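Q: Okay, handing you the structure first.
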Amino acid sequence: MMHQKLVVANWKMNGTSADIDVLLMAMQKDSAILNQVEVSLCVPAVFLSNMRAACAHLPISWGAQNVNDKVAGAFTGEISAQMLCDVGCRYVIVGHSERRLYYGEDSPWVAQKWLAARAAALTPILCVGESLEEREKGQTLAVVMAQLDAVLKITTAKDFAHTVVAYEPVWAIGTGLTPTTGEVVSVHTALRDHLVKQYDSATSQTVRLLYGGSVKGDNAAQLLTLANVDGGLIGGASLKYETFSPIYRALI
Ligand code: 13P
């Protein structure tokens, strides 16, 4: 199955509501392009309730960068999947390496967040990826499959279908370094094959596999059109129209 390419902006803890407005205003001129490539903006949570109005005239969606694994209750400062639905989110990133590293999210916990997102009819973007040390030790595939398996073992083919997995080598995030095209294809093809083995070919084809880590306008066409790469998860370059639009324009 051929998917429309998906480009997701991960703003991380950056920007203001005015910065979002500036980006959206500039993106107005890309309306025709945005019907050919799917773009979603994962902005800081405080800005999400404004996105429905802000994106009203653009064919784009928005999402969150994290979600709590519980339905509701006394969890001060946390945000539930239902709340993200309430403000119109389509996607939520779960298990980003920054959350694994700085906030102690391990794979079983990430899997619970994934499940909570899915139960609320959000589409989770599950991030997997190896550190430089793991790559150098030849553990890349073992690490990413273990991160994926934590979710696969608590869900079903039906629920996993149509979700998103983002392969983000930790050492490529914000560094300007990227894996070779061969390295990207090898991980993405292994991820696809793993889903075929776990479920079946039809289910695996519904899952979009994104690459993330130092994607820019000048490498997007090369990295994001490789075999088994269905789009990208973009950090730094997604903050400004001038650096973001060349990425999705490269995919039409
Ligand atoms: P950069 O595009 O800044 O390398 O970040 C990638 C990333 O972490 C997206 O989630």
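The values are calculated or read from the model by the stated rules, or taken from the named source; none is laboratory data. The shown structure was predicted, so the numbers you read here are calculated from the model rather than taken from an experiment. Neighbour counts run over all protein chains shown; Cβ positions are idealised from the backbone, glycine included. The area values use the complete protein model at the heavy-atom level, side chains included, leaving out ligands, DNA and RNA. Shrake-Rupley method; radii C 1.70, N 1.55, O 1.52, S 1.80 Å.
Q: Given R₀ = 45 Å, FRET efficiency for N219-A74 by Cβ-Cβ distance, to 0.05?
A: Details: r = 46 Å, r/R0 = 1.02.
Here the calculated transfer efficiency is 0.50.
Q: Right, another one. Under 20 Å from a point 7 Å along the Cα-to-Cβ line of I154: which residues of segment 196-217 have their amide N that close?
A: Backbone N within reach: 198-199.
Q: Now for a separate question. Under unit Cβ charges (Lys, Arg +1; Asp, Glu -1), what dipole magnitude, rounded to 20 debye, does the chain have relative to its Cα centre?
A: Values: 20 positive and 23 negative charges, 82 e Å.
The calculation lands at about 400 debye.
Q: Could I ask something else about it? Given springs between every Cα pair under 10 Å in a Gaussian network model of the chain, which of A54, A18, A150 has the largest fluctuation?
A: Greatest mean-square fluctuation among the candidates belongs to A18.
Q: Find, to one decimal place in angstroms, the Kirkwood hydrodynamic radius of segment 102-165, where the mean of 1/r is taken over every pair of different Cα atoms and then inverted.
A: Working: mean 1/r = 0.0801 Å⁻¹.
After inverting the pairwise mean of 1/r, the radius is 12.5 Å.
Q: If we count every other residue with Cβ under 12 angstrom of N66's Cβ, Lys/Arg +1 and Asp/Glu -1, where does the sum land?
A: Numbers: positive: K12, R99, R100, K113; negative: D69, E78, E98, E105.
My count for the surroundings of N66 gives 0.
Q: A follow-up question, please. Cα to Cα, under 29 Å, and not fewer than 8 places away if on the same chain: which lysines meet these conditions relative to K158?
A: K5, K70, K113, K197
Q: May I ask you to evaluate 6.51 cos²θ - 1.76 cosθ + 1.60, the Karplus curve with θ = phi - 60°, for each residue of segment 158-163 and list the ³J(HN,Hα) values in order in whole Hz, giving x for glycine and proline?
A: 4, 6, 6, 4, 6, 8
Q: Also: What's the long-distance tail for the chain, i.e. % of Cα pairs beyond 24 Å?
A: Values: 13470 of 31626 pairs.
Here the long-distance tail beyond 24 Å is 43 percent of all Cα pairs in the chain.
Q: Oh, and also: Name the most mobile residue of I173, I125, I154, meaning the one with the largest mean-square fluctuation, in a Gaussian network model of the chain with Cα contacts below 10 Å.
A: Comparing I173, I125, I154 in a Gaussian network model of the chain, the most mobile one is I154.
Q: Using Cα pairs closer than 8 Å and at least 6 residues apart in sequence, work out the relative contact order for segment 114-252, in percent.
A: Values: 222 pairs, mean separation 31.0, N = 139.
It rounds to 22 percent for segment 114-252.
Q: In a GNM of the chain with a 10 Å cut-off on Cα contacts, which of Y199, Y241, Y103 has the highest mean-square fluctuation?
A: Highest fluctuation among the options: Y103.
Q: Under the definition of Cα pairs under 8 Å and six or more residues apart, what whole-number percent is the relative contact order of the chain?
A: Result for the chain is 20 percent.
Q: Would you mind calculating the gained length between Q28 and Y102 on full extension (0.36 nm times residue separation, minus the Cα-Cα distance), in nm to one decimal?
A: Stretched out fully, the Q28 to Y102 stretch lengthens by 23.1 nm.
Q: Under a plain spin-label model, where a point goes 7 Å from the Cα along Cα-to-Cβ, how far apart in nm are V196 and T180?
A: About 2.4 nm, to one decimal.
Q: Something else now. Of the heavy-atom accessible surface of the chain (probe 1.4 angstrom), what whole percent is carbon and sulfur? Don't skip to the end; give the middle numbers.
A: Numbers: 6230 of 11070 Å².
On the chain, the fraction of accessible area on carbon and sulfur atoms equals 56 percent.
Q: Can you give the accessible area per residue of the chain, in Å², using a 1.4 Å probe?
A: Numbers: 11070 Å² over 252 residues.
Solvent-accessible surface per residue comes out at 44 Å².
Q: Please give the length that would be gained between L226 and N14 if that part of the chain were fully extended, namely 0.36 nm times their separation in residues minus their C-alpha to C-alpha distance (nm, one decimal). Please list the in-between numbers first.
A: Numbers: separation 212, 0.36 × 212 = 76.32 nm, distance 2.94 nm.
Taking L226 through N14 to full extension adds about 73.4 nm, to one decimal.
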